[in-house]
Structure formats: C-alpha cells, structure tokens
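Scroll down for the structure; my scribbles are underneath it.
No value in this document is a laboratory result; all are computed from the given coordinates. Here the structure is a predicted model, which means the values were calculated and not measured. Cβ atoms come from the backbone with ideal geometry, glycine included; neighbour counts cover every protein chain shown.
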Amino acid sequence: MQQTLTVRGDSVWPWPCDPAAPRIVLLVHGYNNTEQQARESYRELREKIEETGASPATLENIWEVYWHGFEARWVTLLPRDEESTLLSVRTYAAQVPVARAAGRTLGEYLARLPAEIELIFVAHSLGSRVVLEALRVLYRYKNQSPNHQGPSVRAYCLMAAAVPTYMVEPARILRRPAQIAGQSHVLWSPWDWVLRFAFPPGQTQAGEGHLPEAVGHAGQPYEVWTSNHRTNLGHSGYYRKAAQNPYTLHASRDTAPYLAPLFGASIPKPIPEIGIIEWTGPGSQPLPRVTLPRREIGSRLRKWFHLASI
C-alpha cells in the first residue's frame with residue numbers, strides 16, 4: 001500500500017504504522033517544497049520508475065514522507081526554477097535545523113518498526129540531510145542498544161544532496177551513519193547552480209562550516225558510497241526525465257537507470273553496434289592453373305568407369 005508520513009516537530013503521523021510488506025521505500029523531498037509540490041515530484045518519480053519495469057510489489061509499498069521544510073511562503077509563490085531557489089538563501093539557513101530535527105524524529109519512528117523490515121530511501125536536496133540524520137539515529141540504536149531489534153537499511157539514494165562534504169569525512173558525525181546501508185548511491189552534478197552558489201553561503205549562515213561544498217555538487221567523498229554518478233542535471237531536474245529538464249545544457253543523464261534497481265527493476269544495457277571491419281590487406285590473387293599428368297588422368301578415368309559399372 002501507499003503510505004503518507006508527515007513529520008513535523010517531534011511528531012509523526014499516522015502513528016503507529018503497520019507496514020504491509022517486508023520492504024519499504026521512503027521518498028523524502030527537499031527544501032522549499034509544499035506538500036502539493038512534493039506530491040507532484042513523487043508522482044513524476046513513480047512514473048519514471050514504472051516505465052523501467054519495476055516490481056509492482058515494491059511500488060505498492062512506497063511511503064511518501066513530508067517534512068515541514070517550506071516556511072518561506074513568499075518563495076513558494078514564485079515559479080519552481082533555479083532563480084527562485086537562489087533567492088532563498090536566508091530562509092534556507094533557517095530550514096537546516098528543521099531538517100536535522102525532522103531526520104531525528106523520522107529515525108525514532110523507524111527504529112520502532114519490526115526487525116524483519118528492510119528500508120530503502122530516495123531523497124532529494126535537503127531531504128538527503130533528513131535521511132542521513134535518520135540513519136544517525138538508527139546507527140545509535142544499533143551500536144548503543146545491543147538488544148534493540150530494529151529494521152535494517154537495505155539501500156539509499158541521495159539526489160543533489162544538500163549535505164556538506166566535510167560531514168561525511170572520516171571521524172565526522174555523518175560518516176558512520178552513511179555507511180550502515182547495504183548500498184549507498186549518490187547522484188550529483190557540477191552544473192547544479194543552486195548547490196554551487198546558494199548552498200555554501202546558506203550553509204555558512206546556518207553555522208555549519210565556512211562556505212562548504214555540497215555532496216550533490218561534488219559527489220565526494222567517493223569512498224563512502226557504493227556508487228556515485230555524475231548526471232549533469234540542474235537542481236530541480238532529478239524527478240523529471242532528462243529530456244524534460246529545462247536547464248539541460250550538457251549531456252545530462254536520466255536518473256531512472258540508477259533508481260530502478262532500488263525498486264526491483266533491471267535495466268538492460270544496450271549492445272554497442274560494431275561496424276563491419278574492412279579488409280586492409282593485399283588484394284586477392286588468381287589461383288594458378290594446374291594441369292594433371294596424362295597418367296593421372298587415365299587412372300582417374302578408369303576409377304570413375306569402375307565405380308559407374310557397380
């Protein structure tokens with residue numbers, strides 16, 4: 001079934017939630033998304049995944065997570081494009097602690113699910129911080145409470161992650177939580193102008209480093225993730241198909257092939273076309289004419305007449 005989780009303050013509803021399948025896929029939106037905008041993004045993502053032939057059982061057990069990351073009402077009145085996001089540096093700084101708190105609340109909620117449950121996360125932008133903070137809670141339960149039987153994290157995918165790279169460096173607060181999943185995938189783009197220009201001052205204003213670089217802009221640190229893929233997409237282009245991204249000025253890649261395995265779908269790799277190899281050696285030479293000796297001719301004729309008379 002499809003479940004809706006709303007995270008606000010210290011509460012999550014509905015509560016409690018009885019999972020309908022052993023595997024749950026949680027979709028987590030980014031900053032400056034109303035619930036309606038997030039719902040539309042989730043719909044676009046589901047359509048892309050369905051086209052890849054994803055497992056119906058996996059698609060039926062998707063939890064759409066909504067967290068209160070859209071305080072800047074005046075920004076949401078503007079069109080959803082790169083320019084409107086660039087205007088929201090100050091309001092973004094105020095939402096970083098909201099994302100941290102939402103992640104902790106979500107983690108406490110998920111920690112109470114049965115041990116048989118497998119969790120898969122797909123997050124975008126500041127929603128990636130929500131996911132990593134939730135993993136931080138699950139990691140704490142796993143290591144500080146040996147008797148605690150909680151769910152396992154099968155995989156997660158962070159798209160355009162608005163997370164400082166230094167926080168995932170060795171001995172930093174998000175390093176160990178980022179490594180508890182069986183698989184971890186990062187989709188990033190050097191052409192993400194939001195993470196390149198707006199993220200560093202916004203994160204600095206939030207008190208988290210001095211003009212830090214974003215994971216979704218650099219893909220680093222590479223050794224943490226199971227895989228990282230350069231997409232060349234703009235910040236708001238991860239839910240859409242690559243051809244529909246209005247900010248595609250480079251060879252951008254669709255996110256569907258990277259997300260499909262999380263939903264139980266396999267993507268066939270196209271077989272490269274191999275042209276006919278042209279022969280560049282010497283040209284053909286006519287065979288020399290061979291004349292049999294007369295004795296050989298007579299011997300062959302006698303043998304032929306003998307076989308014909310049998």
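Computed values, structure above
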read-out: FRET E, pair Glu223, Ser152, Förster distance 30 Å, beta-carbon r, rounded to 0.05; value: 0.85
read-out: Rel. contact order, % - alpha carbon contacts under 8 angstrom, at least six apart, segment 101-214; value: 26 percent
read-out: Segment 3-263 shape via C-alpha gyration tensor axes, a/c threshold 1.5; value: rounded
read-out: Thr34/Glu169 FRET efficiency (R0 25 Å; Cβ-Cβ; nearest 0.05); value: 0.15
read-out: Extension gain from Glu51 to His210, taking 0.36 nm per residue of separation minus the Cα-Cα distance; value: 53.0 nm
read-out: Residues Ser41, Ser125, Ser152, sorted so that the one with the fewest Cβ neighbours within 10 Å comes first; value: Ser152, Ser41, Ser125
